[in-house]
1. Surrounded by fewer than 14 Cβ atoms within 10 Å (Cβ to Cβ), at pLDDT below 75 and touching a strand residue (DSSP E or B) at 6+ places or on another chain (Cβ under 6 Å), is that true of residue 168?
2. Do any helices (runs of 4 or more DSSP H) entirely within the stretch 1-98 hold 2 or more residues that are free of Cβ contacts under 8 Å to residues at least 40 places away in the same chain and farther than 23 Å from residue 286 by Cα, and if so, which?
3. Being surrounded by fewer than 22 Cβ atoms within 10 Å (Cβ to Cβ) and under 19 Å from the mean Cα position of the chain (by Cα) is the filter here; which residues of the stretch 29-51 pass it?
4. What is the one condition in (1) closer than 20 Å to residue 214 by Cβ; (2) surrounded by 22 or more Cβ atoms within 10 Å (Cβ to Cβ) that residue 102 does not satisfy?
5. Checking the condition buried (at least 20 other Cβ atoms within 10 Å of the Cβ), within 21 Å of the chain's Cα centre (by Cα) and within 19 Å of residue 116 (Cβ to Cβ), which residue from 25, 67 passes?
6. All but one of (1) farther than 18 Å from residue 57 by Cβ; (2) out of contact with any strand residue (DSSP E or B) (no Cβ under 8 Å at 6 or more places or on another chain); (3) not in a loop (DSSP other than H, G, I, E, B) hold for residue 244; state the number of the condition that does not hold.
7. Can you name the number of the only condition in (1) modelled with pLDDT of 95 or more; (2) in a helix (DSSP H, G or I); (3) in contact with a helix residue (DSSP H, G or I) (Cβ under 8 Å, 6 or more places away or on another chain) that residue 117 fails?
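The values are calculated or read from the model by the stated rules, or taken from the named source; none is laboratory data. Computed from a prediction, not measured in an experiment: that's the story for all the values here. Virtual Cβ from ideal backbone geometry, glycine too; neighbours counted across all protein chains shown.
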């Protein structure tokens, strides 16, 4: 399966672009994919319509939107685009607005882009890498970071538009660094306190394999992103052999809920799943292993 750098050509990267609103921001991402032969103009319209119909669930982390729609004839091949905005725009998300980074995704099916989203989830979960990606001095530096050929701190510079902005990216990165340090200490303490209870829960879980569903509107974008973050936490717990994670769409989730112990999703999608018989855990930041860890603890009472 393809990596991010394989699906994201340099011509599909635009830094410090101007957008008046969220529709224009998505349109910029779509135009890049049209230019590079990933999709047609119809696919751009489908990405916008996806938000109009399902709400801003594509804003999966503070300042970050994963623009996408279902596979359709408008998708010519699987690919991505990357738009960093000079000034952030509002998508209408309760906690993650405003957005200054829009990654476009067009997928021919549910398989080819899974590795790329897993890689992107890991990169954005690391505060230093996330900051470096947001501050990359140009497309080449950005792609070097994504491919791993350049370390965070080597790719940043005085990119055009940063000084003209309102400091949102810098402020968010500083806050993330501080939160990460505090979170690390708290996490160590919490891990010590819960190790025995988690081991006890693992013993009961290991008697059978449990399933958790991650759900989004289409089952191939944000749900896969959340699946990857959840799998990182399960690996840290040593539970990957006990709990499987399946990414799916809202319609399929209603039929599969009986097989699952819980559903993890966004606030917007959770509203459409209110009648499910299993717990629905709302995740605000799909890149946060700490938030997902907390939701998993709530699910298993550890």
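1. Here the answer is no, as residue 168 does not meet what is asked.
2. Where helices (runs of 4 or more DSSP H) fall fully within the stretch 1-98 and carry at least 2 residues being free of Cβ contacts under 8 Å to residues at least 40 places away in the same chain and farther than 23 Å from residue 286 by Cα, they are 22-35, 41-54.
3. 48, 50
4. For residue 102, the failing item is (1).
5. After ruling out the rest, the residue left standing is 67.
6. Residue 244 satisfies all of (1) farther than 18 Å from residue 57 by Cβ; (2) out of contact with any strand residue (DSSP E or B) (no Cβ under 8 Å at 6 or more places or on another chain); (3) not in a loop (DSSP other than H, G, I, E, B) except (2).
7. So residue 117 meets the others, but not (1).
Residue-wise test of (1) modelled with pLDDT under 95; (2) closer than 25 Å to residue 99 by Cα; (3) not assigned by TED's automatic domain parsing to the domain that holds residue 50.
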residue	(1), (2), (3)
251	yes, no, yes
255	yes, no, yes
260	no, no, yes
264	no, yes, yes
273	yes, no, yes
283	no, yes, yes
290	no, yes, yes
295	no, yes, yes
